[in-house]
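**Student:** Below: one structure in structure tokens.
The values are calculated or read from the model by the stated rules, or taken from the named source; none is laboratory data. Given the structure is predicted, the values throughout are model-derived calculations rather than measurements. Using ideal geometry, Cβ is built from the backbone for each residue, glycine included, and neighbour counts are taken over all protein chains shown. For the accessible areas, the whole protein counts, side chains as well, though only heavy atoms, and no ligand, DNA or RNA atoms are used. Shrake-Rupley method; radii C 1.70, N 1.55, O 1.52, S 1.80 Å.
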Amino acid sequence: MYQPFYASSQINRHGDFRSNKGLIKNIISDNNTKFVPVLNGKNLFRQSDENIEACFFNSEQLKTIYPNGIDNPIFLGVANNINYVGIDLDHNNSEMDLWCNENSIILEDLRKYGPTLNDIDASFLSLNNGMTFWHKTHQFCGSCGFKNNTTEAGFVKVCSNIECGKSHFPRTDPAIITLISYKDKILLGRSPRFPEGMYSTLAGFVEPGESLEQALEREVFEEVGVKVKNIRYFNSQPWPFPASLMLGFFAEAVNEDMNIDYNEIEDAHWFSIEELRSLNHPLISGGFKLPRVDSIARRLVDNWINQFN
Ligand SMILES: [Zn+2]
């Protein structure tokens with residue numbers, strides 16, 4: 001079975017550890033624990049020989065830089081008998097800046113180096129990105145506005161107002177992403193946000209009270225005016241940049257007619273198998289690019305191309 005990028009099957013989140021405060025405390029003081037840092041919303045990498053690798057801390061290093069400890073460490077899980085804890089270093093600390101300089105740390109978006117990392121590291125970094133983003137955006141109770149306290153090793157926030165006491169859980173936003181085909185062609189489009197020349201499958205967020213299939217039909221019709229049939233689920237992929245879960249589908253257009261909404265997308269075309277293989281299209285000058293290799297969009301396209309091999 002296809003294993004999505006950023007969702008390694010070798011990770012055990014051990015939800016059963018989260019309420020065991022003694023165990024979590026031991027994990028945080030254990031020098032074998034790997035601390036996964038985020039700094040100003042970016043991940044920390046370093047050059048190792050030819051490769052870029054993820055940078056982790058141990059508890060000794062952290063104690064030197066942050067003698068007063070780090071707020072709200074998040075127990076992320078276990079892989080190969082090593083515990084991983086997420087930390088947000090997002091506050092001014094000149095020691096940390098110095099350490100980054102001395103160790104030639106590269107601060108970057110995970111999406112830049114994700115595809116070159118090993119499966120476990122990429123998955124823990126992405127999990128931590130999603131969790132620290134949630135912490136940052138849920139410091140206060142959405143119901144009453146009081147400050148939230150953190151519990152369950154970082155996986156639950158509880159309102160500090162005794163009269164409210166609402167619990168808040170990490171959020172992820174479902175989005176459909178779909179490869180539309182018509183006979184031997186597929187439909188790809190581009191948004192102005194995309195890297196230059198990139199064309200991808202259509203995607204959009206699911207709205208409240210909507211099934212995935214309805215969201216797909218609505219998004220496709222809104223963006224390109226195409227009616228679809230035979231919607232078929234493919235696979236999913238966490239995309240915590242910052243908080244999405246991509247749900248991948250195949251669907252067939254009822255005909256080739258398109259009516260592009262240029263407020264939603266910049267361009268869209270039907271692509272033949274030859275055009276996909278050569279990355280050239282008669283209506284796109286200078287050729288085009290397919291989506292990044294770590295994305296489910298690319299897996300949808302590759303999966304479709306492979307049926308012709
Ligand atoms: Zn509240």
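**Student:** Determine if segment 64-81 includes at least one residue that is of a type in the set (D, E, K, R) and either open to solvent by less than 60 Å² (accessible area, probe 1.4 Å) or touching a strand residue (DSSP E or B) at 6+ places or on another chain (Cβ under 6 Å) (or both).
**Tutor:** no
**Student:** Is it the case, given these coordinates, that residue 231 is open to solvent by 20 Å² or more (accessible area, probe 1.4 Å), within 27 Å of the chain's Cα centre (by Cα) and modelled with pLDDT of 95 or more?
**Tutor:** yes
**Student:** Still on this structure, please answer the following. Can you pull out every residue in segment 273-305 that is in a helix (DSSP H, G or I), of a type in the set (Gly, Ala, Ser) and open to solvent by 50 Å² or more (accessible area, probe 1.4 Å)?
**Tutor:** Matches in segment 273-305: 278 only.
**Student:** In addition: Name the pairs whose Cβ atoms lie under 9 Å apart, with the first residue in segment 252-272 and not assigned by TED's automatic domain parsing to the domain that holds residue 228 and part of a loop (DSSP other than H, G, I, E, B), the second surrounded by 13 or more Cβ atoms within 10 Å (Cβ to Cβ) and at pLDDT 95 or above, and 6 or more positions between them or separate chains?
**Tutor:** Close Cβ pairs satisfying both conditions: none exist.
**Student:** With the structure loaded, tell me whether residue 261 is open to solvent by less than 20 Å² (accessible area, probe 1.4 Å) and touching a helix residue (DSSP H, G or I) at 6+ places or on another chain (Cβ under 8 Å) or whether it fails that test.
**Tutor:** Criteria not met by residue 261.
**Student:** Between a residue in segment 210-239 that is under 19 Å from residue 259 (Cα atoms) and any residue that is of a type in the set (Ser, Thr, Tyr) and part of a strand (DSSP E or B), which pairs come within a Cβ distance under 9 Å, given they are 6 or more apart or on different chains?
**Tutor:** 216/178; 219/178; 220/178; 226/182; 228/178
**Student:** Please find, within segment 1-60, the residue that is farthest from residue 99 (Cα to Cα) out of those that are acidic (Asp, Glu) and part of a helix (DSSP H, G or I).
**Tutor:** In this case the residue turns out to be 16.
**Student:** Scan segment 168-175 and give yes if some residue there is within 16 Å of the ligand (Cβ to nearest atom) and farther than 30 Å from residue 220 by Cα, otherwise no.
**Tutor:** Yes - at least one qualifying residue is present in segment 168-175.
**Student:** Between a first residue in segment 63-81 that is more than 21 Å from residue 122 (Cβ to Cβ) and a second residue that is among the aromatic types (Phe, Trp, Tyr), which pairs have beta carbons less than 7 Å apart while being 6 or more apart in sequence or on different chains?
**Tutor:** As it stands, the answer is 65/99, since those pairs meet every condition given.
**Student:** Okay, next question. Could you please let me know if residue 146 is within 11 Å of the ligand (Cβ to nearest atom) and of a type in the set (Phe, Trp, Tyr)?
**Tutor:** yes
**Student:** Hey, can you tell me all the residues within segment 97-113 that are open to solvent by 50 Å² or more (accessible area, probe 1.4 Å), of a type outside the set (A, V, I, L, M) and in a helix (DSSP H, G or I)?
**Tutor:** Residues satisfying the conditions are 97, 101, 102, 111, 112.
**Student:** Test residue 94 against the criterion of being open to solvent by 30 Å² or more (accessible area, probe 1.4 Å), free of Cβ contacts under 8 Å to residues at least 40 places away in the same chain and under 17 Å from the mean Cα position of the chain (by Cα), and give yes or no.
**Tutor:** In short, no.
**Student:** Still on this structure: Any residue in segment 209-222 that is open to solvent by less than 30 Å² (accessible area, probe 1.4 Å) and in a strand (DSSP E or B)?
**Tutor:** For segment 209-222, residues open to solvent by less than 30 Å² (accessible area, probe 1.4 Å) and in a strand (DSSP E or B): absent.
**Student:** Against the conditions (1) under 15 Å from residue 131 (Cβ atoms); (2) open to solvent by less than 70 Å² (accessible area, probe 1.4 Å), where does residue 13 fall short? Just the number, please.
**Tutor:** Answer for residue 13: the failing condition is (2).
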